[in-house]
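One structure is given below, encoded as C-alpha cells.
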C-alpha cells in the first residue's frame, strides 16, 4: 500500500431534490477507471464509515475509482427540507450521483446496513444506468423487508428520543449493536470512530432518516425481488458472526444463488472493525469471472 499514490477529489453534487450531496472520489493514479465502485453508507452514518477500507480496496484494485457520499441530512450533506428524507429520494439521489460521476463504464455497488435497501431498490428501477451494475456487495446485510411491527415501533421510539434530546441520548446504547462484542472489548479506536460518526449526525437528519426507513421497510413495505437482483448482477453478502443487527442465518435463504461470507469476531461495521479483510474479500469477488 505504501507505493500507491492515492488521489482524492471532494465536491458537492446538486440533486433533483434540491439537496447537495457531499462526495469523495478516490483513485490510485489512473484517470480513466476500469470500473467505478459506489459506496452507500447506512442509517445514522456517513461516508466516513468507509474511510478505513478505501485505501486497502484501491491497493487491490488500483485501476478502479471509488466514490463515497453522504445521504441528505447525514454527514456533510445538508438537509434543506425533511421532505427530502424518503427512501425513493435516496434512490433518486444515487441515480443522480451515478449519472454525474460515473456516466460510462462498469459500476459496482458496495452497500452497508440500511444502504443495502437503497442499493437493492435502485437496481430494480428502470434507470438506464442499472444495466452497467456488474457487482453488488452487501456489508452487514442485506436487509430483507418488511420488518415486524415491534421493530418499527422501536424505530419510532428511537427517532422521538433523538428529536427531543439529540443523538447522544442513544449512541452508547446503539454502539454494542453496531460493533461486535470483540470490538467493544479489544478495538477501542474502532469503537471511538463509530461513536464519533454517530454523534456527528444532526438530530433532524438522523431521526428523519430512521422514519424514512420505517415507512419503507415496516409493515406493508414492499418486499425485495432477490431473484431479479441476482439475475441483474453478481451478488455477495458479508457479515460478522457477532452482528446482532441482521439475521445472518437467513441470508443464504433468499440470496440462494450468491455467496455469503461470514467474518469471525466482527460485528456490524465491517469496514471499521476489519477493513483490510473486508477489502480483500470484496476485491477477490469483483475480480472473479
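FYI, it's all coordinate maths here, none of it is from the lab. Since we're looking at a predicted model, the values are computed, not measured. Cβ placement follows ideal geometry from the backbone for every residue including glycine, while neighbour counts extend to all protein chains displayed.
Quick notes on this structure:
- Rounded to 0.05, the FRET efficiency of the residue 126 and residue 34 pair, given R0 = 35 Å and the Cβ-Cβ distance, is 0.85.
- Only Cα sites of the stretch 164-289 enter the Debye sum here, all with the same form factor; the resulting log10 I(q)/I(0) across q = 0.12 1/Å is -0.59, listed in q order.
- Alpha-carbon Rg/Rh ratio, for the stretch 1-155, with Rh computed the Kirkwood way: 0.97
- Extension gain, residue 156 to residue 277: 0.36 nm times the residue separation minus the Cα-Cα distance gives 40.1 nm.
- Normalised contact order of the chain, rounded percent, pairs of Cα under 8 Å and 6 or more residues apart: 22 percent
- Ellipticity at 222 nm from helices only: DSSP H runs of n ≥ 4 in the chain, each -39500 (n - 2.57), divided by the residue count, give -13000 deg cm²/dmol.
- Extension gain (nm, one decimal) between residue 264 and residue 199, 0.36 nm per residue minus Cα-Cα: 20.7 nm
- The stretch 37-68 and the stretch 256-270: distance between their alpha carbon centers, rounded to Å: 17 Å
- Relative contact order for the stretch 30-104: 31 percent, from Cα pairs under 8 Å spaced at least 6 residues apart, divided by residue count.
- Each residue of the stretch 66-186 gets 153 Å³ once the volume of the Cα convex hull is shared out per residue.
- Neighbour counts of C-beta atoms inside 10 Å place 264, 242, 150 in the sequence 150, 264, 242, starting with the fewest.
- Spacing of the modelled spin labels on residue 223 and residue 168, each 7 Å from Cα toward Cβ, amounts to 4.5 nm.
- Label-to-label distance for residue 12 and residue 103 is 2.2 nm, based on points extended 7 Å past Cα in the beta-carbon direction.
- Relative contact order, whole percent, for the stretch 49-166 stands at 19, derived from Cα pairs under 8 Å and 6 or more residues apart.
- For the chain, a Kirkwood hydrodynamic radius built from all Cα pairs, placed in the Stokes-Einstein relation at 10 °C and 1.306 mPa s, yields a translational diffusion coefficient of 84 µm²/s.
- Among 68, 279, 223, residue whose mean-square fluctuation peaks in a GNM of the chain (springs only between Cα atoms under 10 Å): 223
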